[in-house]
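Novice: Input: one structure, supplied below.
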Amino acid sequence: MRKVIGIGETILDIIFQNEQPTAAVPGGSVFNGIISLGRMNVDVSFISEIGNDRVGNIIKRFMEENNVSTKHINIFPDGKSPVSLAFLNDKNDAEYLFYKDYPKQRLDIAYPSINEDDILIFGSFYALNPVLRDKMIELLDYAKERRAIVYYDPNFRSTHKYEAMKLTPAIIENLEYADIVRGSDEDFVNMYNLDDVEKIYKNKIQFYCPNFICTSGNNSIALRTKGVTKDYTVDSIQAVSTIGAGDNFNAGIIYGLLKYNISYHDLNTLSEEMWDKIVQCGKDFSAEVCKSYSNSVSPEFAKNYK
């Protein structure tokens with residue numbers, strides 16, 4: 001059975017609306033998608049770190065309840081599990097404040113086994129952080145050597161905009177490892193000051209990775225591969241919260257790759273019709289997560305979608 005392996009941050013998101021806390025849910029960009037895939041009964045592992053504290057216990061229990069293995073979670077004894085405050089605006093988009101207290105020793109764990117056609121997803125600043133870079137490269141080398149499909153979501157926030165030049169070598173390295181790159185239009189404005197999909201693909205992505213998807217909130221989705229150039233419309237929905245929309249788009253794409261049995265060797269020659277089906281899964285997962293304060297698809301959705 002094929003596996004999905006994610007690596008990234010776990011964090012407790014405390015969600016505020018009208019300056020009052022309305023929900024507290026475990027989150028993290030790769031984590032949100034992994035939880036959704038766990039709910040879909042996909043074989044998933046997550047590599048991360050939490051503190052030996054109440055927040056860490058909430059996150060660990062949440063993973064166990066959602067069929068996500070905790071074998072590769074580093075529980076550090078000193079320091080605290082990270083927390084974020086997410087303030088929703090009138091469009092229900094979030095602005096974040098992060099509180100982190102990590103120890104010096106990071107990610108002290110054994111990696112899960114990876115086989116051909118398994119899928120590894122990574123991204124965000126976690127994939128660029130100099131403190132974690134050696135560990136990240138070790139995992140990416142292992143995944144490439146085993147012929148896993150590597151999925152990269154830059155998720156490059158505006159808080160790191162002024163470090164973009166300094167982080168460029170690591171970004172390029174990540175693009176080289178990737179078989180699919182999926183970013184939002186904001187990521188590329190923050191990284192390259194570019195918002196034209198054609199220029200982003202031709203000048204920044206194509207040379208390193210042939211398969212590119214660019215989402216832009218409730219606007220269109222752009223797909224660019226060696227053989228397919230296509231834009232998809234996004235259905236209008238009444239969003240409760242857009243937290244996790246992009247993360248779950250990723251989960252939907254990965255679910256589509258598994259559902260339609262797309263192997264590592266198939267990926268670069270997929271037909272337009274097959275991409276249509278896979279992108280539809282991404283749209284479905286993303287739309288579902290906007291309907292609640294949860295960062296992942298609901299168990300009801302998971303049960304009915306299959």
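The values are calculated or read from the model by the stated rules, or taken from the named source; none is laboratory data. Please read all numbers here as calculations on a predicted model, not as lab measurements. All Cβ positions, glycine included, derive from the backbone under ideal geometry; neighbour counts span all protein chains shown.
Novice: Taking into account only those residues within region 63-84 that are within 19 Å of the chain's Cα centre (by Cα) and closer than 13 Å to GLY28 by Cα, which is modelled with the lowest pLDDT?
Specialist: For region 63-84, the residue satisfying everything is SER84.
Novice: Are there any pairs with C-beta distances below 7 angstrom linking a residue in region 142-164 that is at positive phi to a residue that is of a type in the set (S, T, N, Q), with the two at least 6 apart or on different chains, and if so which?
Specialist: Between residues of region 142-164 that are at positive phi and residues that are of a type in the set (S, T, N, Q), the close pairs are ASN155/SER29; ASN155/SER124.
Novice: What do you reckon, is GLY217 in a loop (DSSP other than H, G, I, E, B) and more than 30 Å from ASN66 (Cα to Cα)?
Specialist: So GLY217 fails the test.
Novice: Quick check on my filter: what residues within region 150-177 are assigned to a helix (DSSP H, G or I) and touching a Gly at 6+ places or on another chain (Cβ under 9 Å)?
Specialist: Selection gives ASN174 alone.
Novice: I'd like the full set of residues that are crowded, with 16+ Cβ neighbours inside 10 Å, out of contact with any strand residue (DSSP E or B) (no Cβ under 8 Å at 6 or more places or on another chain) and of a type in the set (Phe, Trp, Tyr), limited to region 153-207.
Specialist: TYR192
Each row is one residue, and each column tells you yes or no for (1) part of a loop (DSSP other than H, G, I, E, B); (2) in contact with a Gly (Cβ under 9 Å, 6 or more places away or on another chain); (3) among the β-branched types (Val, Ile, Thr).
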site: ASP231; (1), (2), (3): no, no, no
site: ASP235; (1), (2), (3): yes, no, no
site: THR242; (1), (2), (3): yes, yes, yes
site: GLY246; (1), (2), (3): no, yes, no
site: PHE249; (1), (2), (3): no, yes, no
site: LYS283; (1), (2), (3): no, yes, no
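Novice: With more than 22 Å from ILE50 (Cβ to Cβ) and in contact with a strand residue (DSSP E or B) (Cβ under 7 Å, 6 or more places away or on another chain) as the only criterion, which of ASP90, ASP118, ASP101, ASP108 stands out?
Specialist: ASP118 is the lone residue from the list that is more than 22 Å from ILE50 (Cβ to Cβ) and in contact with a strand residue (DSSP E or B) (Cβ under 7 Å, 6 or more places away or on another chain).
Novice: Another question, then. If you go through region 118-141 one residue at a time, do you hit one that is among the hydroxyl-bearing types (Ser, Thr, Tyr), modelled with pLDDT of 95 or more and more than 21 Å from THR10 (Cβ to Cβ)?
Specialist: No, region 118-141 contains no residue that is among the hydroxyl-bearing types (Ser, Thr, Tyr), modelled with pLDDT of 95 or more and more than 21 Å from THR10 (Cβ to Cβ).
Novice: Those residues that are out of contact with any helix residue (DSSP H, G or I) (no Cβ under 8 Å at 6 or more places or on another chain) and in a loop (DSSP other than H, G, I, E, B), I need them from region 178-212; list them, please.
Specialist: ALA178, ASN193, ASP196, GLN206, PHE207
Novice: Just for region 251-267: of the residues that are part of a helix (DSSP H, G or I) and touching a strand residue (DSSP E or B) at 6+ places or on another chain (Cβ under 7 Å), which one is surrounded by the fewest Cβ atoms within 10 Å (Cβ to Cβ)?
Specialist: Per the criteria, the residue is LEU267.
Novice: Follow-up. I'm trying to understand the selection: among the residues of region 11-43, which are touching a residue at least 12 places away in the same chain (Cβ under 8 Å), polar (S, T, N, Q) and either in a strand (DSSP E or B) or farther than 24 Å from ASN67 by Cβ (or both)?
Specialist: If the condition is that a residue be touching a residue at least 12 places away in the same chain (Cβ under 8 Å), polar (S, T, N, Q) and either in a strand (DSSP E or B) or farther than 24 Å from ASN67 by Cβ (or both), then GLN17, THR22 are the ones that fit.
Novice: Does region 148-168 contain at least one residue that is of a type in the set (D, E, K, R) and farther than 26 Å from TYR192 by Cβ?
Specialist: No, region 148-168 contains no residue that is of a type in the set (D, E, K, R) and farther than 26 Å from TYR192 by Cβ.
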